[in-house]
Amino acid sequence: QEDVFKKIVSHCKEYGFVFPSSDIYDGLAAVYDYGQNGVELKNNIKEYWWKSMVLLHENIVGLDSAIFMHPTIWKASGHVDAFNDPLIDNRDSKKRYRADNLIEDQIAKYEEKIDKEVAKAKKRFGDSFDEAKFRETNPRVIEHQQKRDALHERYTEAMQGPDLEALKQIILDEGIVDPISGTKNWTDVRQFNLMFSTEMGSASDSTNKIYLRPETAQGIFVNYLNVQKTGRMKIPFGIAQIGKAFRNEIVARQFIFRMREFEQMEMQFFVKPGTEMEWFAKWKETRMKWHQALGFGPENYRFHDHEKLAHYANAATDIEFKMPFGFKEVEGIHSRTDFDLSQHEKFSGHSIKYFDPQTNESYTPYDIETSIGVDRMFLSIMCHSYCEEQLENGETRTVLMLPAELAPVKLCVMPLVKKDGLPEKAREIVNALKFHFNTHYDEKDTIGKRYRRQDAIGTPYCVTVDYDTLKDNTVTLRFRDTMEQERVNISELNGIIEDKVSI
Ligand code: ATP
């Protein structure tokens with residue numbers, strides 16, 4: 001699985017999807033650029049989300065708020081005081097880790113040990129094996145389970161607060177070693193704020209420190225009243241926004257899964273207090289359906305309900321996708337209560353209450369948030385679509401089985417040869433279709449090689465123009481997934497393709 005992931009990362013670079021940022025300067029850690037194909041795929045993902053949120057819901061409207069915001073916003077939201085990760089360094093390797101990650105990995109190790117015992121027993125006893133009973137009675141499994149549960153409990157308690165001493169003590173007691181140096185030479189645990197800061201205006205003014213937003217949500221909360229009043233919105237209603245967010249992540253790993261500059265698609269849905277659990281359930285279901293509509297198979301998704309809730313939430317769940325490195329969060333759905341609006345009311349001194357004309361009461365709305373990372377969505381799509389197919393002639397074909405709606409290029413038109421009027425005819429087709437969907441032209445190399453190039457970037461349709469085309473206006477239409485070919489009239493192309501590729 002690790003190998004597959006490495007292949008996907010290099011495929012992304014080789015075919016113009018994702019490049020390391022500042023590549024000719026050897027890159028910048030956890031920052032990436034999207035290339036010619038990546039930007040198209042990313043734009044399509046955003047459009048797919050935007051349409052499903054803003055165009056399909058009468059009561060959801062869009063917003064594009066600035067990245068720079070009044071610094072007090074981040075005090076009100078709790079980010080200045082509480083948006084921290086607990087850090088620990090190993091003195092020998094000089095490597096820095098998140099203390100919580102080290103402990104979570106240790107919990108996972110106990111899980112692995114249990115799974116190994118179960119797998120061994122399954123092999124030994126075959127079909128007659130009663131797994132549930134084995135887990136309850138096998139002394140080794142029971143021992144690992146007890147250790148795991150005790151560690152989990154200690155860890156959960158230490159993270160409340162968090163208690164930095166307690167986190168360090170767990171690392172020492174468990175004998176956790178640095179994977180690089182193999183030693184237990186740990187420093188104390190300390191808090192590290194994830195927000196990037198910069199200065200606005202004259203540097204001599206000491207009050208001009210501002211932050212790059214670590215989430216787009218606050219831009220929505222501080223505009224809640226503007227949108228509600230000017231749009232005459234009635235509760236329940238939502239505000240959706242797509243935009244960049246910045247987090248100074250300590251351990252940035254797994255390619256574009258955890259970046260320092262990334263993009264979020266967030267929707268805050270404002271509801272009447274007391275109805276939030278109903279709406280939370282509804283949005284959970286709606287968002288899962290949205291993911292599954294891509295057709296990657298329901299077995300690749302799961303919910304992960306949170307036991308430990310953030311200070312502002314009364315319910316939270318993640319939608320996880322099966323990446324090559326395990327099930328990972330792609331989207332978070334949180335019931336954020338009236339925490340954010342109330343805080344902004346308090347810190348700004350402006351009333352943000354909603355007046356309900358039907359019941360004649362005023363209240364601060366509760367909020368359900370759906371928050372998804374564009375880059376993580378991109379990664380999940382890449383991971384699922386990348387395929388090395390064994391062909392009948394013994395060759396291997398690398399193909400991106402992207403949903404046609406999301407593919408960067410929808411159609412590539414190719415003249416069989418570079419002469420006798422075939423290129424001109426092919427360009428005529430491109431010119432007629434390029435206003436409908438992204439259509440490319442390619443005349444270099446053999447037809448076989450050109451097909452492979454398009455397969456590698458996930459182009460669902462290719463058209464070949466040959467000598468017969470000049471006589472009867474028919475072309476060969478080739479389908480990416482089946483590699484089947486069909487003879488069709490040029491006038492039919494738009495009808496066949498447009499429906500399948502539009503979002
Ligand atoms: P994690 O636990 O992985 O750090 P989170 O719970 O902090 O994520 P949220 O604050 O809920 O994430 O952000 C919502 C979404 O934004 C996540 O589901 C994820 O898709 C995306 N996201 C968050 N941090 C990053 C990051 N550093 N790089 C890329 N995407 C991110």
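The values are calculated or read from the model by the stated rules, or taken from the named source; none is laboratory data. Because the structure is predicted, anything quoted here is derived from the model rather than measured. Cβ atoms come from the backbone with ideal geometry, glycine included; neighbour counts cover every protein chain shown.
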**Asked** Of all residues in the range 256-278, which are crowded, with 20+ Cβ neighbours inside 10 Å and more than 14 Å from the ligand (Cβ to nearest atom)?
**Response** Phe269, Phe270, Val271, Glu276
**Selected residue (criterion: nearest to Ile73 (Cα to Cα)) from residues of the range 328-346 that are outside any helix (DSSP H, G or I) and more than 12 Å from the ligand (Cβ to nearest atom)** = Asp338
**Counted residues, the range 311-327 - those being within 13 Å of the ligand (Cβ to nearest atom), touching a strand residue (DSSP E or B) at 6+ places or on another chain (Cβ under 7 Å) and either free of Cβ contacts under 8 Å to residues at least 40 places away in the same chain or hydrophobic (A, V, I, L, M, F, W, C) (or both)** = 8
**Item:** Ala66 modelled with pLDDT of 95 or more, of a type in the set (A, V, I, L, M, F, W, C) and either in contact with a Leu (Cβ under 7 Å, 6 or more places away or on another chain) or outside any helix (DSSP H, G or I) (or both)
**Value:** yes
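Got a number for residues in the range 181-215 being part of a loop (DSSP other than H, G, I, E, B) and either modelled with pLDDT of 90 or more or not aliphatic (A, V, I, L, M) (or both)? Break it down stepwise before answering.
Initial filter on the range 181-215 (part of a loop (DSSP other than H, G, I, E, B)): 181-185, 187-189, 194-196, 200-208, 213-215.
Applying the additional criterion that residues be either modelled with pLDDT of 90 or more or not aliphatic (A, V, I, L, M) (or both) yields 181-185, 187-189, 194-196, 201-202, 204-208, 213-215.
Going through the range 181-215 one residue at a time, the tally reaches 21.
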**Prompt:** Only one of (1) over 24 Å from the mean Cα position of the chain (by Cα); (2) without any contact (Cβ under 8 Å) to a residue 40 or more places away in the chain; (3) not in a loop (DSSP other than H, G, I, E, B) fails for Ala245. Which number is that?
**Reply:** (1)
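Output the number of residues of the range 391-403 satisfying the condition of being assigned to a loop (DSSP other than H, G, I, E, B) and surrounded by fewer than 22 Cβ atoms within 10 Å (Cβ to Cβ).
Start the filter on the range 391-403 by keeping residues that are assigned to a loop (DSSP other than H, G, I, E, B), which leaves 391-395, 401-403.
Next, only the ones that are surrounded by fewer than 22 Cβ atoms within 10 Å (Cβ to Cβ) stay: 391-395, 401, 403.
Number satisfying all stated conditions: 7.
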**Asked** Within the range 69-96, how many residues are of a type in the set (Phe, Trp, Tyr) and either more than 23 Å from the chain's Cα centre (by Cα) or in a helix (DSSP H, G or I) (or both)?
**Response** 1
**Asked** Mind checking whether some residue in the range 230-238 is away from the ligand (no atom under 16 Å from the Cβ), in a loop (DSSP other than H, G, I, E, B) and free of Cβ contacts under 8 Å to residues at least 12 places away in the same chain?
**Response** yes
**Asked** Taking interchain pairs and intrachain pairs at least six residues apart, which have beta carbon atoms under 6 angstrom, with the first residue in the range 333-350 and within 28 Å of Arg287 (Cβ to Cβ) and the second among the polar types (S, T, N, Q) and at pLDDT below 95?
**Response** Ser335/Asn314; Thr337/Asn314
**Item:** Selection within the range 53-73 - closer than 12 Å to Met265 by Cα and touching a helix residue (DSSP H, G or I) at 6+ places or on another chain (Cβ under 8 Å)
**Value:** Gly62, Leu63
**Message:** Can you find, within the range 238-255, the residue that is surrounded by the most Cβ atoms within 10 Å (Cβ to Cβ) among those that are modelled with pLDDT of 95 or more and in contact with a strand residue (DSSP E or B) (Cβ under 6 Å, 6 or more places away or on another chain)?
**Reply:** Ile239
**Prompt:** Taking Phe270, is it closer than 29 Å to Met323 by Cα, hydrophobic (A, V, I, L, M, F, W, C) and part of a strand (DSSP E or B)?
**Reply:** no
**Request:** Please work out which residue is nearest to the ligand (Cβ to nearest atom), limiting yourself to the range 279-289 and to residues that are crowded, with 18+ Cβ neighbours inside 10 Å and within 17 Å of the chain's Cα centre (by Cα).
**Result:** Arg287
**Request:** Being in contact (Cβ under 8 Å) with a residue 24 or more places away in the chain and more than 28 Å from Ile114 (Cβ to Cβ) is the filter here, so list the residues in the range 149-180 that pass it.
**Result:** Leu164, Glu165
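Do we find that Glu424 is surrounded by fewer than 15 Cβ atoms within 10 Å (Cβ to Cβ) and part of a strand (DSSP E or B) in this structure?
Working: surrounded by fewer than 15 Cβ atoms within 10 Å (Cβ to Cβ): yes; part of a strand (DSSP E or B): no.
In short, no.
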**Item:** Where Lys75 falls short, out of the listed (1) over 16 Å from Met382 (Cα atoms); (2) surrounded by 15 or more Cβ atoms within 10 Å (Cβ to Cβ)
**Value:** (2)
**Fill in**
Quick count over the range 355-390, residues being in a strand (DSSP E or B), within 14 Å of the ligand (Cβ to nearest atom) and among the hydroxyl-bearing types (Ser, Thr, Tyr), is 2
**Asked** Would you pick out the residues in the range 9-40 that are away from the ligand (no atom under 16 Å from the Cβ) and in a helix (DSSP H, G or I)?
**Response** Ser10, His11, Lys13, Glu14, Asp23, Ile24, Tyr25, Gln36, Asn37, Val39, Glu40
**Asked** Is it fair to say Leu433 is at pLDDT 95 or above, closer than 19 Å to Glu484 by Cβ and surrounded by fewer than 22 Cβ atoms within 10 Å (Cβ to Cβ)?
**Response** no
**Request:** Evaluate the range 98-112: report whether one residue or more is closer than 30 Å to Ala407 by Cβ, assigned to a helix (DSSP H, G or I) and among the basic types (Lys, Arg).
**Result:** no
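Take the range 218-227 and flag every residue that is buried (at least 20 other Cβ atoms within 10 Å of the Cβ) and over 14 Å from Met195 (Cβ atoms).
In the first step, residues of the range 218-227 are kept if they are buried (at least 20 other Cβ atoms within 10 Å of the Cβ); the result is 218-222, 224.
Matches in the range 218-227: Gly219, Ile220, Phe221, Val222, Tyr224.
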**Request:** Could you check Trp50 against (1) among the aromatic types (Phe, Trp, Tyr); (2) touching a Pro at 6+ places or on another chain (Cβ under 7 Å); (3) closer than 23 Å to Glu405 by Cα and say which number it fails?
**Result:** (2)
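Counting residues that are touching a residue at least 60 places away in the same chain (Cβ under 8 Å), which helices (runs of 4 or more DSSP H) fully inside the range 428-503 reach at least 3?
Details: elements: 447-457, 467-472, 493-501.
Hits in the range 428-503: 493-501.
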